[in-house]
Amino acid sequence: MGRFYLFAMALRRARLKEIWELFHREDRVKAKDYVLKGGRVVDPANGFDDIRDIGVSDGVFADPASLKDPEVIDVSGLVVAPGFVDLHVHLRQPGRGDQETIASGTRAAAAGGFTTIVAMPNTSPVADNAGTLEYVRRHAESDGVVKVLICAAMTKNLEGEAMTSIGGLKRSGAVAISDDGRCVQNHEIMRHIMEYSKTFGLPILDHCEDAVLTGDGVAHEGYHAVMLGLRGIPSASEELMVARDIILAEMVDWKVHIQHISSKNSVRMVREARARGVKVTAEATPHHLFLTDELLKSFDSNYKMKPPLMSEDHRSELIEALAEGVITCVATDHAPHTATGKLVEFDYAPFGVVGLETAVPMCLTELYHKDIMPLVNIVARFTTGPAEVLGLPLGTFDEGAPADITVLDLDSEWKVDSSKFLSKSRNTPFDGYGVKGRVAATIVDGEVVHGSPRK
């Protein structure tokens, strides 16, 4: 047994050395300098929404006039935007590689136009320690095609009882903390988490849910749940914890971000808090923005998520708040599950749907083409909004910044087909939807990782 172990470790070291040399060879061919020419450049951070050229040199943005003999790529008729960021992604690795892996999840992200994603900590083991964060980081570097930022757990094993080592997690590379999938119920512990996160400069991304009020509910407590005989979850379950977080954020004077906001009353509280200067932000998901609990009559478990789909009055308030800028981010809450996991009675199916490959086209279809929001504001919800939450220099065409780019074809009409997803899972509520608008190309550090920028 000892000899086998030593042999396996030697092979592992040799493989790691091979990977290291592959990515650090002096003779590695670098991408040629190029210019994306003639596209509609939309950059909310710099106030751009016009036809201009974008230069890329050695993986960063550069003044096109400064490049010598660059390749010229004609992107006329396409939109060129800073790389999109998704604040809320479940990659399932380590632990549930049957649902998703870092490799498959990042390919799905690239197909959806995302150049950077934030991985949630509810893996197995939980990302509440340096070792698990290092595992995710290494696999993201070796297997990922887009950038993976790591969100670490707020409490040990997501149990809501003891804080993690927040400072140590930041030193290990965490960009934020969250107990996503669960909510810290003890207000004193949550206060201490906020105080420590402020000390170490880590934003809090919070899944707001009162566990007692939620109970064993599976759907929004309303007309359709009653008519269908489904156990209800009252909107107050979310609203109570949103109120708690706002109160503590104001007291501590630190950043809290409300994940997958769904209730009109939660939105109103966030609007009022932001107006008086509280450091609170919120994200909405495409499924909460564009679907309602009326769809539950099919008993399709791909309409089962947490928080649950709400009624039209809640949905319309989300749309208004997103357009107004009260909700500053669109995030997918990409939550993959196997087909067999979802193919059970509605009550027993797991919560969650995938969203990386449908979020952008659904937003273009429902918000841009229906004249609800101008394109620059939609792009902002995927760029400057997430950058503000994380406090990181993302989502901009500033010279010298990494050349992360999302190229959009606004006029392409097609139908969502989950069988063609690059994600390992197919649990989407948008399968078969006709959409207008497509991700033409995704570029990370100057290299095309999905599609083609040539129309």
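Nothing in this text is a laboratory measurement; each read-out follows from the coordinates by a stated rule. It should be emphasised that the depicted structure is a prediction, and the values quoted were computed from it without experimental measurement. Neighbour counts are summed over all protein chains in view; Cβ atoms, including those assigned to glycine, are modelled from backbone coordinates with ideal geometry.
Residue separation times 0.36 nm, minus the C-alpha to C-alpha distance between residue 370 and residue 143: what's the value?
Working it through step by step, the gained length comes to 77.9 nm.
Nearest 5 is fine: what % of DSSP beta bridges in the stretch 84-405 come out antiparallel, could you say? Mind dumping the intermediate values first?
On the way: 1 of 25 bridges.
Restricted to the stretch 84-405, the bridges split so that about 5 percent are antiparallel.
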Exercise. Please report how far the C-alpha centroid of the stretch 32-61 lies from that of the stretch 380-395, rounded to the nearest whole angstrom.
Key: 18
Quiz item: Do any GluC sites (Glu not before Pro) in the stretch 315-392 lie in a loop, going by DSSP, with at most 13 other beta-carbon atoms within 10 Å of their beta carbon, and if so which?
Solution: 345
Quiz item: Could you give the distance between the Cα centres of the stretch 188-253 and the stretch 81-96, to the whole Å?
Solution: 22
Quiz item: Once the other residues with Cβ under 9 Å from the Cβ of residue 206 are scored (Lys, Arg +1; Asp, Glu -1), what is the net sum?
Solution: -3
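Please report the net charge: other residues with Cβ closer than 15 Å to the Cβ of residue 417, K and R +1, D and E -1. Don't jump to the answer; show the numbers that get you there.
Details: positive: 415, 420, 426, 438; negative: 357, 413, 431.
Summing Lys/Arg as +1 and Asp/Glu as -1 gives +1.
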Practice problem: Could you pull out every one of the aspartates and glutamates with an alpha carbon less than 15 Å from that of residue 342, ignoring same-chain neighbours closer than 8 positions? | Solution: 98, 100, 300, 431
Quiz item: Once amide H atoms are built 1.01 Å from N in the peptide plane, which residues 5 or more positions from residue 88, or in another chain, come under 5 Å H to H?
Solution: 118, 332, 333
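Would you mind ranking 183, 329 so that the residue whose beta carbon has the fewest other beta carbons within 10 Å leads the list? Spell out each step's value before the answer.
Details: 183 25, 329 28.
In increasing order of surrounding Cβ atoms, one gets 183, 329.
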Exercise. Would you mind ranking 199, 328 so that the residue whose beta carbon has the fewest other beta carbons within 10 Å leads the list?
Key: 199, 328
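Evaluate 2.2 N^0.38 Å with N set to the residue count of the chain, then give the Cα radius of gyration divided by it.
Values: Rg = 21.9 Å, N = 455, 2.2 N^0.38 = 22.5 Å.
Taking N as the residue count of the chain, the ratio is 0.97.
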Practice problem: Name the long-range amide H neighbours of residue 310: under 5 Å, sequence gap of 5 or more, or other chain; modelled H, no Pro or chain starts. | Solution: 293
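Ranked from highest to lowest mean number of other Cβ atoms within 10 Å per residue, what is the order of the peptides 401-412, 155-166?
Numbers: 401-412: 22.2, 155-166: 17.4.
Descending packing order for the listed peptides: 401-412, 155-166.
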Quiz item: What base-10 log of the normalised intensity I(q)/I(0) is obtained for the stretch 314-391 from the Debye formula, alpha carbons as equal point scatterers, at q = 0.20, 0.27 Å⁻¹?
Solution: -0.92, -1.27
Quiz item: How do 227, 373 line up, fewest other C-beta atoms within 10 Å first?
Solution: 227, 373
Quiz item: If the cut-off is a Cα-Cα distance under 19 Å, which lysines reach residue 170, setting aside same-chain residues fewer than 8 apart in sequence?
Solution: 147, 156, 198, 255
Self-check item: Calculated from backbone phi, Karplus (6.51, -1.76, 1.60) coupling profile of the stretch 378-387 in Hz, x at Gly/Pro
Solution: 5, 4, 4, 5, 9, 10, 5, x, x, 4
